[in-house]
1. In contact (Cβ under 8 Å) with a residue 24 or more places away in the chain and either open to solvent by 40 Å² or more (accessible area, probe 1.4 Å) or out of contact with any strand residue (DSSP E or B) (no Cβ under 8 Å at 6 or more places or on another chain) (or both), is that true of R192?
2. Cβ-Cβ below 8 Å, separation at least six or inter-chain, first residue in the range 148-177 and at positive phi, second aromatic (F, W, Y) and modelled with pLDDT under 90: which pairs?
3. Across the range 7-34, which residue is modelled with the lowest pLDDT among those that are touching an Asp or Glu at 6+ places or on another chain (Cβ under 7 Å) and in a loop (DSSP other than H, G, I, E, B)?
4. Enumerate the pairs (first residue in the range 92-118 and closer than 14 Å to E130 by Cβ and in contact (Cβ under 8 Å) with a residue 24 or more places away in the chain; second residue anywhere and hydrophobic (A, V, I, L, M, F, W, C) and not in a helix (DSSP H, G or I)) with beta-carbon separation below 8 Å, excluding pairs fewer than 6 apart on the same chain, so at least 6 apart or on different chains.
5. Out of the range 120-134, which residues are exposed (fewer than 12 other Cβ atoms within 10 Å of the Cβ) and either in a loop (DSSP other than H, G, I, E, B) or of a type in the set (D, E, K, R) (or both)?
6. Residue pairs, Cβ under 9 Å, 6 or more apart or interchain, first in the range 63-79 and in contact (Cβ under 8 Å) with a residue 40 or more places away in the chain, second of a type in the set (D, E) and open to solvent by 80 Å² or more (accessible area, probe 1.4 Å). List them.
7. When only residues in the range 92-101 that are open to solvent by less than 80 Å² (accessible area, probe 1.4 Å) and out of contact with any helix residue (DSSP H, G or I) (no Cβ under 7 Å at 6 or more places or on another chain) count, which is modelled with the lowest pLDDT?
Amino acid sequence: AFVAINKTGSSSILQALTDGLYSPDVPEIWRFKEGHRLRRERDILKHAQAYFYYDQLGTEAYANTFVLTPVRNPWDKMVSDFLFRCREPRDPEQWRKTRQWFIGQGMDSPSAEPPMELFTAFIRAFEKREQRTHRQWTSISKEYGMLDVDKENVNQIDGLSDLEGNIIVNKVMRFESMLEDWEEVRASVLERTGVTLEDLPHLNKATRLD
C-alpha cells in the first residue's frame, strides 16, 4: 500500500510503483465499497491515510501488507503547498472557483510569485480553520464511516498513525533523501515480489524563488 502524502514527491513514486507492480487482475481498493462511483472514489482516495488501508483491509491483511510513504520537512512542504494553491489549476476561471480564500486576501488571479505577506496570512489561516493541510483525510473518514472520523488530521504523522498515535507504515521515505531511500524500497520490493522497479521519474517538478 502506498500512502501518498501530497507535496512530498508522491506522484513520482506512485508512477514508478504503478509501472512495476500494477495488475488489472487485482481490484483497486476503492472498488471494495459497494455502489462506488469510480471517478469520485479515485479522487477522494488519491491521498488516503494509512489508517484508511488498515480500516478497509482489516488487521490480518494489513499486517501482511508492505506500507510505504514519503514525508517532507513541514515548512518546506507548507511553502510548496502554498505556491501550488496560488498557481493551480492553470485555468483562471477554475482557480477562482476553488480559491475563494485567496481572492478574499486580494489575489484576483493565479500567480507563481505571490507576495510574502500572503504566505504569512496563509499560515495564520490554519489556526482559524480557514485552511486545512490534509482535508481529504477528514473527507475519507466521513465517507467511509471510519473510527477516526472525529480526529483532527492536520499534519503528516496523523496520516501514518493508528488511533493511538502509533506509526503503522513499514517504510518512511524522506523527500530530502528520496533517491537513496528509493534504493531501499527497490531492494524490499525485489525481495518480496521478484520485481525490479525502475529509477524514479521526476514528475511535477516546480521551480520557485528562495
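The values are calculated or read from the model by the stated rules, or taken from the named source; none is laboratory data. Computed from a prediction, not measured in an experiment: that's the story for all the values here. So basically every Cβ, Gly included, is an ideal-geometry build from the backbone, and we count neighbours across all protein chains shown. Note: accessible area is taken over every heavy atom of the protein model, side chains too, but ligands, DNA and RNA are not part of it. Shrake-Rupley method; radii C 1.70, N 1.55, O 1.52, S 1.80 Å.
1. Details: in contact (Cβ under 8 Å) with a residue 24 or more places away in the chain: yes; either open to solvent by 40 Å² or more (accessible area, probe 1.4 Å) or out of contact with any strand residue (DSSP E or B) (no Cβ under 8 Å at 6 or more places or on another chain) (or both): yes.
Yes, satisfied.
2. Cβ pairs passing all conditions: none.
3. Initial filter on the range 7-34 (touching an Asp or Glu at 6+ places or on another chain (Cβ under 7 Å)): 7, 16, 19-20, 30, 33.
Filter again for in a loop (DSSP other than H, G, I, E, B), leaving 7, 33.
Details: K7: 90, K33: 56.
Checking each candidate, the answer is K33.
4. L118/M107
5. Step one: list which residues in the range 120-134 are exposed (fewer than 12 other Cβ atoms within 10 Å of the Cβ), which gives 120, 124, 127-129.
Residues satisfying the conditions are R124, E127, K128, R129.
6. Close Cβ pairs (under 9 Å, with a partner that is of a type in the set (D, E) and open to solvent by 80 Å² or more (accessible area, probe 1.4 Å)) amount to R72/E176; N73/E176; D76/E176.
7. Taking the range 92-101 first, the residues open to solvent by less than 80 Å² (accessible area, probe 1.4 Å) are 92, 94-96, 98-99, 101.
Now restrict to residues that are out of contact with any helix residue (DSSP H, G or I) (no Cβ under 7 Å at 6 or more places or on another chain): 92, 94-95, 98.
Details: P92: 80, Q94: 83, W95: 87, T98: 85.
Per the criteria, the residue is P92.
Let's see how each residue does on (1) outside any loop (DSSP other than H, G, I, E, B); (2) within 27 Å of M146 (Cα to Cα); (3) more than 19 Å from the chain's Cα centre (by Cα):
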residue: H47; (1), (2), (3): no, yes, no
residue: Y51; (1), (2), (3): yes, yes, no
residue: Q94; (1), (2), (3): yes, no, yes
residue: S109; (1), (2), (3): no, no, yes
